[in-house]
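> Got a structure for you, questions after.
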Amino acid sequence: MHLPAQSGAMSVMPTLPNDRLQGLAPVADGRTRLVILGSFPGVASLQAQQYYAHPQNKFWPLLAALWLQHPQPPREDYAARCAWLLDRGLGLWDVYDSCERRGSLDSAIRVPQVNDFAALRAVCPQLQAVAHNGGESYKHARQLAGLGLQVYQLPSTSPANAAWSFERKLTAWRAVMQAAGLLQKDD
């Protein structure tokens, strides 16, 4: 598994035959202890080829608030942001490798192909847990628990999850990050 290359916005979303959308490569390595699993990248993320690229998604702001002692690289330096995550034992991926979908809503996902979680486990020997970023992702919790991983459900960071305030999301994310050992007492 490799770090995604820094890239600018693409003019079209990557597709597979029959207009299937292709997801993003995992951000994970041998140091990864916890993987955040989304469902499938939204339109903005696919166009930018970056996880959580929508400016209203709270993923990056939540992590910045959790790791105050470790300043987050700027939005423009996605490769540095990925390295920043990996340095702290955090990885990113999605439950779906590809799917058919119009727009960005999970409810519009059709004919999804699930990623190979066993392969992730093999590449990340320190992997202890996964945290599902939202309900669609969490539908696959049993499969991941079967790999001997601790499984958590997190409130979605998507702008579509407006029912949860930033502070409420931060509390839930902090609890999971502490349980997974990714927050130190000074963080």
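The values are calculated or read from the model by the stated rules, or taken from the named source; none is laboratory data. Since this is a predicted model, take the numbers as computed values, not measurements. No Cβ is skipped: glycine too gets one built from the backbone with ideal geometry, and neighbour counts run over all protein chains shown. The accessibility values were calculated without ligands, DNA or RNA, using every heavy atom of the protein model including side chains. Shrake-Rupley method; radii C 1.70, N 1.55, O 1.52, S 1.80 Å.
> Residues with beta-carbon under 10 Å from that of Phe40, excluding Phe40: net charge, scoring Lys, Arg +1 and Asp, Glu -1?
The answer is -3.
> Given a Förster radius of 25 Å and the C-beta distance between Ala160 and Leu68 as r, what FRET efficiency does 1/(1 + (r/R0)^6) yield to the nearest 0.05? Can you show the working numbers first?
Numbers: r = 27 Å, r/R0 = 1.08.
Calculated value: 0.40.
> Placing +1 at every Lys and Arg Cβ and -1 at every Asp and Glu Cβ, with all other atoms neutral, what dipole size does the chain have around its Cα centre, in debye to the nearest 20?
340 debye
> What does the net charge come to around Arg101 if you take all other residues with beta carbon closer than 15 Å to its beta carbon, with K and R at +1 and D and E at -1? Each step should come with its number before you reach the end.
Numbers: positive: Arg20, Arg102, Arg110; negative: Asp19, Asp94, Asp97, Glu100, Asp106, Glu136.
Residues close to Arg101 contribute a combined charge of -3.
> Which ³J(HN,Hα) values in Hz, rounded to whole numbers, follow from the phi angles of region 162-176 under the Karplus curve 6.51 cos²θ - 1.76 cosθ + 1.60, where θ = phi - 60° and Gly and Pro get x?
Values per residue, Gly and Pro as x: 7, 5, 9, 6, 4, 5, 5, 4, 4, 4, 5, 5, 4, 4, 5 Hz.
> While we're looking at this one, here's another question. Ignoring ligands, DNA and RNA, what percent of the 1.4 Å accessible area of the chain is carbon and sulfur?
52 percent
> Sticking with this one: Taking the alpha carbon gyration tensor of the chain, what are the square roots of 5 times its eigenvalues, largest first, to the nearest whole Å?
In descending order, the three semi-axes are 23, 19, 17 Å.
> Farthest toward the dipole's positive end in region 131-187, which of Pro155, Gln184, Trp173, given Cβ charges of +1 (Lys, Arg) and -1 (Asp, Glu) about the Cα centre?
The one lying farthest along the dipole's positive direction is Pro155.
> Using 0.36 nm per residue, how much length does the chain from Val111 to Glu76 gain when fully extended, once their Cα-Cα distance is taken away?
Working: separation 35, 0.36 × 35 = 12.60 nm, distance 3.30 nm.
Once the chain is fully extended between Val111 and Glu76, it gains 9.3 nm.
> Could you pull out every residue, at least 5 positions away or on a different chain, whose amide H is within less than 5 Å of the one on Ala131? Hs are placed 1.01 Å off N in the peptide plane, and Pro or chain starts have none.
Val35, Ile36, Leu37, Tyr152
> Taking amide H positions as placed 1.01 Å from N in the peptide plane, with prolines and chain starts having none, which residues 5 or more places from Ala53, or on another chain, fall under 5 Å of its amide H?
Correct list: Ser45.
> Summing -39500 (n - 2.57) over the DSSP H runs of n ≥ 4 in the chain and dividing by its residue number, what mean residue ellipticity at 222 nm do you reach, to the nearest 500 deg cm²/dmol?
After summing the helix terms and dividing by the residues of the chain, the value is -7500 deg cm²/dmol.
> Continuing with this model, one more query. Heavy atoms of the protein only, probe of 1.4 Å, neighbouring chains included. What is the accessible area of Leu147 in Å², nearest 10?
60 Å²
> Related question: Show Lys58, Lys169, Lys139 ordered by accessible area, largest first, where the area counts protein heavy atoms only and the probe is 1.4 Å.
Numbers: Lys58 75, Lys169 10, Lys139 145 Å².
I get Lys139, Lys58, Lys169, largest accessible area first.
> For Ser98, which sequence-distant residues (separation of 5 or more, or a different chain) have an amide H within less than 5 Å of its own amide H, given hydrogens modelled in the peptide plane?
Gly23, Gln113
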